[in-house]
Amino acid sequence: MLLFVCLVLLELAARPALGLTDKEIAAFTSREIIKDDQTDRSKLKSQLFAVDNEDGSITVTTNGVPWHAVGEFPNPMMESWNSFTMFKEPVMRPEGKELTCLPSGPIGISVSGAYIHSWWSTSEKGCFYAADTDEFDVCGGSTTSDNQYHYHQYSPCVSLPICRNESPIFGVALDGIPIFGPIADNGRQLTRIDVDKCGGRFDKNGRYKYHVTIDPPYFPSCFRGELRKDVGIPAADLTCTCPYDDSKLETGGGAEICDFSGDVNVPAACEDKIAHNATISRKWRQEQRYIKLAACCPAGKDCGTSCETEKGTKEECQVDTRKIIKMEVTNVPNERFHRSQSTQSFQDVLRGSRYRKYRQSILSLLYIWFITAVAYYLSYYEAFFKQSPKELGVPVSSLVLLSAGSNLTGFLLSTLLARCLPRRTSLIITTLAAAASSFGLIASNKYSDFVLLLVGKIVTSGLFSLVYLVTVEIVPTPSRGFVVGICFGMSRLAATLAPHINYIADILDALPQVFVGTALLVCSIASWTLPETGETELLQDYYQTKDLQRHLEKYKTRHLSKSLESSI
């Protein structure tokens, strides 16, 4: 028994503290205003301090005036005093019970003294992505209508990131969990895909931290910790609004989500209360894109206090790019898209965009499959059946071997093109070569006819391989079998109709060749409309698909896209 008690005590002693350390608390202190600030600071001095109340709580007080440079705004910055009290050792909420309804005002305080807001900008007209409505200065800040300076996104002026060195503390959220800069303890700069749905992660010591990232939603998008009852925000201000419900913005939001009555040392009883008659409805779509990471200063270089200036990024600073998976969200009226309060799953994302996003590509692919089959079977029929082997002086056995060899040659040719050239370029070259062989049949003799038909069979065989490859790369997995099946059906229909095209030669001898050649030229145009898949990194196996699904699950709460278009 004694051994068990000792082991428990050792485990508790070794468990890392989640809250602010004494050193991090000391970072919340006023600093001298930097010299290059152009703002009139005659009456605006940065006032910031944090106090350990020695009862398990800390209080951070600020006048909202940062110590760094501030731009000029239509609503000039003014003092905005607030004190926020939080647990010194955060009380973590159960997993799956995170508080997603964040305040429409401050959700934290930065060590610069400025307030931290979520990335939603609210007004009586609805919910908007802050970047679409607010003006930001070089430090990434803006002012509210009541002149409060705040951040909606990463600010390069709070601390100077040193490349491959862990970022210092950026601020603290109202639940007491610290917010650190974008570079983790392993030296890697984080993006939203590297953190959980609230914007945090456990470091190598097992300590949970929020991280501000360079991509949306930048700051915590939900609270993993409990709020104190004396947090410093009126219960009336903690209502569920953006991005879940904007139908009551004129009256200050929906129902109160926290009960602040009772003992202040007991966590407030907070629960998401999302109205089922919300005006906002959401639909998601995914895409891959490259983004620029936050500029950092190489170790040993003098980059000043920030890598960013009004003229852009300083030359001595380093800016890397990274490919990320992003989700985009759009707003639609509730009566048109009724799933207003539940985030769509990974399968819903694919299912919702299956035909909307790929409709043009699928139509182009169906056309290419059809015309390719027509050209293939026409060249095969003309070369090996219509023309008598006796007239050509070629044994029948040789024709059989030649037919099989042409198919193999076409496959090898398409494989070579696919490895050396982009997919679209390969398709265009192949369709143009097939069109040229078709047009060449207009003026030729029986021997050159056979050669041109053989070339056409080789090229169309390769075209079949290429268009199949592009089809399976473009079409998403859930609908791939269906679309490929339809494409094969189109090719069988084309094979049935192909011999009958020769009947139009009764009108004009060269009309079948002109028809097929023109259709192949249109195929080259249709190929150009397809997305390029050859230079795109695609999922390789089941395990990568599961990894992608796990990452996308991180975006299932609310702050997922770069823009929200109001359609109310």
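The values are calculated or read from the model by the stated rules, or taken from the named source; none is laboratory data. Nothing here was measured: the structure is a model prediction, and the numbers come from that model. Here Cβ is always computed from backbone atoms with ideal geometry, including for glycine, and neighbour counts include all displayed protein chains. Heavy atoms of the whole protein, side chains included, go into the accessibility calculation; ligands, DNA and RNA do not. Shrake-Rupley method; radii C 1.70, N 1.55, O 1.52, S 1.80 Å.
Please verify whether segment 279-297 includes one or more residues that are under 30 Å from K229 (Cβ atoms), modelled with pLDDT under 75 and out of contact with any helix residue (DSSP H, G or I) (no Cβ under 8 Å at 6 or more places or on another chain).
yes
Please specify each residue of segment 308-318 satisfying the condition of being exposed (fewer than 12 other Cβ atoms within 10 Å of the Cβ) and outside any strand (DSSP E or B).
Of everything in segment 308-318, those that are exposed (fewer than 12 other Cβ atoms within 10 Å of the Cβ) and outside any strand (DSSP E or B) turn out to be E310, K311, E315.
All but one of (1) charged (D, E, K, R); (2) under 21 Å from R322 (Cβ atoms); (3) touching a residue at least 24 places away in the same chain (Cβ under 8 Å) hold for R207, so report the exception by its number.
Among (1) charged (D, E, K, R); (2) under 21 Å from R322 (Cβ atoms); (3) touching a residue at least 24 places away in the same chain (Cβ under 8 Å), the lone unmet condition for R207 is (2).
Please enumerate the residues belonging to segment 495-533 that are open to solvent by 40 Å² or more (accessible area, probe 1.4 Å), part of a loop (DSSP other than H, G, I, E, B) and not charged (D, E, K, R).
I507, L508, T529, P531
Just wondering, is there one or more residues in segment 211-218 that are more than 23 Å from the chain's Cα centre (by Cα) and open to solvent by 10 Å² or more (accessible area, probe 1.4 Å)?
Looking for residues that are more than 23 Å from the chain's Cα centre (by Cα) and open to solvent by 10 Å² or more (accessible area, probe 1.4 Å), one finds none in segment 211-218, hence no.
Return the pairs, sorted by first residue and then second, in which the second residue is hydrophobic (A, V, I, L, M, F, W, C) and not in a strand (DSSP E or B), the first residue lies in segment 294-307 and is without any contact (Cβ under 8 Å) to a residue 24 or more places away in the chain and loosely packed, with under 15 Cβ neighbours inside 10 Å, the beta carbons are less than 9 Å apart, and the residues are 6+ apart or on different chains.
Between residues of segment 294-307 that are without any contact (Cβ under 8 Å) to a residue 24 or more places away in the chain and loosely packed, with under 15 Cβ neighbours inside 10 Å and residues that are hydrophobic (A, V, I, L, M, F, W, C) and not in a strand (DSSP E or B), the close pairs are K301/C317.
On the basis of being in a helix (DSSP H, G or I) and touching a helix residue (DSSP H, G or I) at 6+ places or on another chain (Cβ under 6 Å), does V470 make the cut?
The answer is yes for V470.
Being surrounded by fewer than 23 Cβ atoms within 10 Å (Cβ to Cβ), at positive phi, in contact with a Ser or Thr (Cβ under 7 Å, 6 or more places away or on another chain) and at pLDDT below 90: is that true of G96 here?
So G96 fails the test.
Test V138 against the criterion of being part of a loop (DSSP other than H, G, I, E, B), open to solvent by 30 Å² or more (accessible area, probe 1.4 Å) and either within 14 Å of I116 (Cα to Cα) or touching an Asp or Glu at 6+ places or on another chain (Cβ under 6 Å) (or both), and give yes or no.
Yes; evaluated as a whole, the condition is true for this residue.
Can K197 be described as charged (D, E, K, R), at pLDDT below 95 and touching a Ser or Thr at 6+ places or on another chain (Cβ under 6 Å)?
yes
Please find, within segment 148-190, the residue that is surrounded by the fewest Cβ atoms within 10 Å (Cβ to Cβ) out of those that are in contact with a Pro (Cβ under 6 Å, 6 or more places away or on another chain) and of a type in the set (S, T, N, Q).
S159
Identify, please: which residue in segment 50-75 is open to solvent by 10 Å² or more (accessible area, probe 1.4 Å) and small (G, A, S) and is, among those, farthest from the chain's Cα centre (by Cα)?
G56
Is it the case that segment 474-483 has a residue that's open to solvent by 50 Å² or more (accessible area, probe 1.4 Å) and within 18 Å of V374 (Cβ to Cβ)?
Among the residues of segment 474-483, not one is open to solvent by 50 Å² or more (accessible area, probe 1.4 Å) and within 18 Å of V374 (Cβ to Cβ), which makes the answer no.
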